[in-house]
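Okay, so here's the structure we're looking at.
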Amino acid sequence: MSVESSLVFVLAAVAVVVVVRWIANRTGLPAAALLPIIGVGYALLPGPNISLDPDIVLTLVLPPLLYSAALESSLRGIRVVSLSVILVLLTAVAIGYGSRGSSPAGPWPPVSRSVRR
């Protein structure tokens with residue numbers, strides 16, 4: 001990729017971020033949720049796509065998005081997320097416990113097979 005095309009890509013990315021931030025302020029949606037949607041839309045466009053090194057994304061792109069989302073989150077939102085994670089785990093345990101005797105091979109066949117080895 002040439003220097004000119006890299007510069008055009010960076011300027012276009014900054015313009016997209018500014019527009020997404022403007023849309024987020026007008027609609028009340030978080031910008032951190034809109035940016036991945038815009039990224040998926042860009043990936044579906046025909047033509048050449050930019051390929052990024054995963055290390056660059058993990059070190060330069062993801063931390064600012066997480067920081068922005070953390071600043072915009074509230075304590076109530078964190079409580080809702082933690083409660084939902086706990087309820088999903090409890091549901092998984094309840095389904096596993098409830099279905100342990102419904103197998104024709106007896107209770108917990110994968111566990112009993114691994115213990116016998």
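For beta carbons closer than 7 Å, sequence separation of 6+ or different chains, a first residue in region 67-91 that is under 23 Å from Leu35 (Cα atoms) and a second that is open to solvent by less than 100 Å² (accessible area, probe 1.4 Å) and not in a helix (DSSP H, G or I), the qualifying pairs are Ala69/Pro30; Glu72/Pro30. Of all residues in region 10-40, exactly one satisfies the criterion of being open to solvent by less than 80 Å² (accessible area, probe 1.4 Å) and either among the charged types (D, E, K, R) or more than 25 Å from Leu71 (Cβ to Cβ) (or both), namely Ala12. Just one of (1) open to solvent by less than 90 Å² (accessible area, probe 1.4 Å); (2) modelled with pLDDT under 85 fails for Leu66. It is (1). Look at (1) open to solvent by 80 Å² or more (accessible area, probe 1.4 Å); (2) at pLDDT below 85 and you find that Leu90 fails only one, number (2).
The values are calculated or read from the model by the stated rules, or taken from the named source; none is laboratory data. Every value quoted in this text rests on a predicted model; they were computed, and no experiment measured them. Note that we place each Cβ from the backbone using ideal geometry, even for glycine, and neighbour counts take in every protein chain shown. Just the protein is used for accessible areas: all its heavy atoms, side chains included, with ligands, DNA and RNA removed. Shrake-Rupley method; radii C 1.70, N 1.55, O 1.52, S 1.80 Å.
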